[in-house]
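Take a look at the structure below.
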């Protein structure tokens, strides 16, 4: 059975794509910890990060390095926190969260973001990513 992330990668469910290559797909979280919160997902359905095969595993971190630079510029944050966390989707996903303090990352369920706000930050991030 396809996870929601596999369905996003296949464009069966729309997303605010930030980055894509042969091995990973990155998009904005619609329930963000902070505006710009991005998920990097390998294009193989594996639940736990320790089970992600190469070259998908390395591709996650290569994408994170590129995207983090753009996120920092686009959101003017102090840091981009990164972590593997969450249980709701059994498909490995790496979080990139723009932060100014540790309190910006608490992973209590947040409300859905405004779609127009997500579109604007997507465009801004993409400007810095290119």
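Residue order for 35, 83, fewest other beta carbons within 10 angstrom first, comes to 83, 35. Let me know the shape class of region 4-129, please: from the alpha-carbon gyration tensor, a ≥ b ≥ c as square roots of the eigenvalues, rounded when a/c is under 1.5, otherwise prolate if a/b is greater than b/c, or oblate. Rounded shape, in that the Cα axes give a/c under 1.5.
What percent does the relative contact order of the chain come to when contacts are Cα pairs within less than 8 Å and at least six residues apart? Over the chain, the number comes to 30 percent.
Can you tell me the length gained on complete extension of the stretch residue 58 to residue 12, counting 0.36 nm per residue apart and subtracting the Cα distance? Before the final figure, lay out the partial values.
On the way: separation 46, 0.36 × 46 = 16.56 nm, distance 2.60 nm.
Between residue 58 and residue 12, full extension yields 14.0 nm more.
A Förster radius of 30 Å combined with the Cβ-Cβ distance from residue 89 to residue 127 puts the calculated FRET efficiency at roughly 0.55. Ordering 71, 39 by the number of other Cβ atoms within 10 Å of each residue's own Cβ, fewest first, gives 39, 71.
Computed per residue of the chain from DSSP H runs no shorter than four, each worth -39500 (n - 2.57), the mean residue ellipticity at 222 nm is -10000 deg cm²/dmol. Measure nothing but the geometry: give the 0 to 90° angle between the long axis through the Cα atoms of 115-129 and the longest principal axis through the Cα atoms of the chain, rounded to 10°. Once rounded, the angle reads 80 degrees.
Report, to the nearest 10°, how far helix 56-75 tilts away from the longest principal axis of the Cα atoms in the chain, using its own Cα long axis and a range of 0 to 90°. Helix 56-75 and the main axis of the chain meet at about 10 degrees.
Just check region 86-130 against the gyration tensor rule for me: Cα atoms, a ≥ b ≥ c as the square roots of the eigenvalues, rounded for a/c under 1.5, and otherwise prolate or oblate depending on whether a/b exceeds b/c.
On the way: a/c = 1.58, a/b = 1.45, b/c = 1.09.
Prolate shape, in that a/c is at least 1.5 and a/b is the bigger ratio.
A prolate overall shape is assigned to region 1-54, the ratio a/c of its alpha-carbon gyration tensor axes (a ≥ b ≥ c) being 1.5 or greater and a/b exceeding b/c.
Hey, fewest Cβ within 10 Å first, where do 57, 94 land in order? List each step's numbers first, then the result.
Working: 57 19, 94 22.
Arranged by neighbour count, lowest to highest, 57, 94 become 57, 94.
FYI, it's all coordinate maths here, none of it is from the lab. No experiment lies behind these values; they were computed from the predicted model shown. Virtual Cβ from ideal backbone geometry, glycine too; neighbours counted across all protein chains shown.
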